[in-house]
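Single-structure report; data block below.
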Amino acid sequence: MLKIYRSNCTQLYELTLQTLERGAWFNLINPTPQELEQVAVVTGSPLDFLKAALDEEERSRIELEENHMLVITNIPVLRGHDSYDALPLGIVLTTEHMITVCLEGNEVLADFKPENHRTFSTFKKTRFLFQILYKSATLYLKYLKQINRRTDELERYLRRSMQNEEIFELLELQKGLTYFAASLRSNGIVLEKLLRLRSTSHVQHLIKMYEEDEDLLEDVIIENKQAIEMVEMYSRIMNGMMDTFTSIISNNLNRVMKFLASMTIILAIPTMVSSFMGMNVDVPFGQNGGFTTTLLFAAVITALSAFGLWRKGMF
């Protein structure tokens, strides 16, 4: 899907390839090969720049050509219930336009809509780029807080009962934290490189930074570092929880096995007594109340054995 937007001081309006204006924003979501070729022809962008973010395993990086700059950053996405992932977002800057390419619709770009036209300008490419990166960093923080809240809820459930569903949810959250950690570290490298580019003369025509832009980029770097610290802290907490609950499950299993072993011993005593007393030989009290005597003898031995096992904490 291809959408082209251009903002002025009062509104954000949509354009077409036939009514193109300078300072336009090309937003490509899961584009077709034909759309990619059309944008490449109109903007003069290299086709490999536009296709780079369509690989789900693409790492964050910056590539420079004479009149084009590619910035790939990993953005957080929520897939279904408690399933978090990271997705590459490609941002191509040209001398006249800005292009974003992503495999899926996402919450980062969805925030830049006509209702919020006063908060961004498509023709201020550098600031618009930093605003996208800032939105991505804050979205990481938002999802990390959601993961922390969900982890607390699962911990309360697991204190009451050990169900496989809660364990699997913890594993899914732990996998999401792993994706976030790798993405945030690679994003941090890209942000540091962007900060260094402010003093590079041969890219001034592509990324021109003013004082407000530098402040915004520094805010993005701070938010990204905070997200990295939160990921590391939550990962340590979750690893500790997983180890703890693994030990609890193992301990519960041992308690069940001890109980079953004790019950087996207790139930074996009446069987053993009745087997001896029921043999075809002469036994005490065989003619006078033999059944009652055997029953009482088995009950006493069983009770004494149960008491001894209870004193030893076997059940």
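The values are calculated or read from the model by the stated rules, or taken from the named source; none is laboratory data. Please read these numbers as outputs of a predicted model, since none were measured by experiment. Positions of Cβ are backbone-derived with ideal geometry, glycine not excepted, and every protein chain shown enters the neighbour counts.
A compact table of results
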item: The one condition in (1) in contact with a strand residue (DSSP E or B) (Cβ under 9 Å, 6 or more places away or on another chain); (2) part of a helix (DSSP H, G or I) that E169 fails to fulfil; result: (1)
item: Selected residue (criterion: modelled with the lowest pLDDT) from residues of the range 193-246 that are exposed (fewer than 15 other Cβ atoms within 10 Å of the Cβ) and hydroxyl-bearing (S, T, Y); result: S201
item: Residue list for the range 12-28, filter: under 9 Å from M1 (Cβ atoms) and touching an Asp or Glu at 6+ places or on another chain (Cβ under 7 Å); result: L28
item: Qualifying residue in the range 18-32 (condition: surrounded by fewer than 16 Cβ atoms within 10 Å (Cβ to Cβ), among the hydrophobic types (A, V, I, L, M, F, W, C) and more than 22 Å from K124 (Cβ to Cβ)); result: no
item: Positions within the range 153-175 being in contact (Cβ under 8 Å) with a residue 60 or more places away in the chain and either in contact with an Asp or Glu (Cβ under 7 Å, 6 or more places away or on another chain) or aromatic (F, W, Y) (or both), in sequence order; result: L158, E169, E172, L173
item: Every residue from the range 73-93 that is within 29 Å of R150 (Cβ to Cβ) and touching a helix residue (DSSP H, G or I) at 6+ places or on another chain (Cβ under 6 Å); result: T73, N74, I75, P76, D82, S83, Y84, D85, A86
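So that you can scan it fast, the table gives a plain yes or no per residue for (1) among the hydroxyl-bearing types (S, T, Y); (2) assigned to a helix (DSSP H, G or I); (3) touching a Cys at 6+ places or on another chain (Cβ under 8 Å):
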| residue | (1), (2), (3) |
| --- | --- |
| E104 | no, no, no |
| L109 | no, yes, yes |
| L129 | no, yes, no |
| L141 | no, yes, no |
| Q146 | no, yes, no |
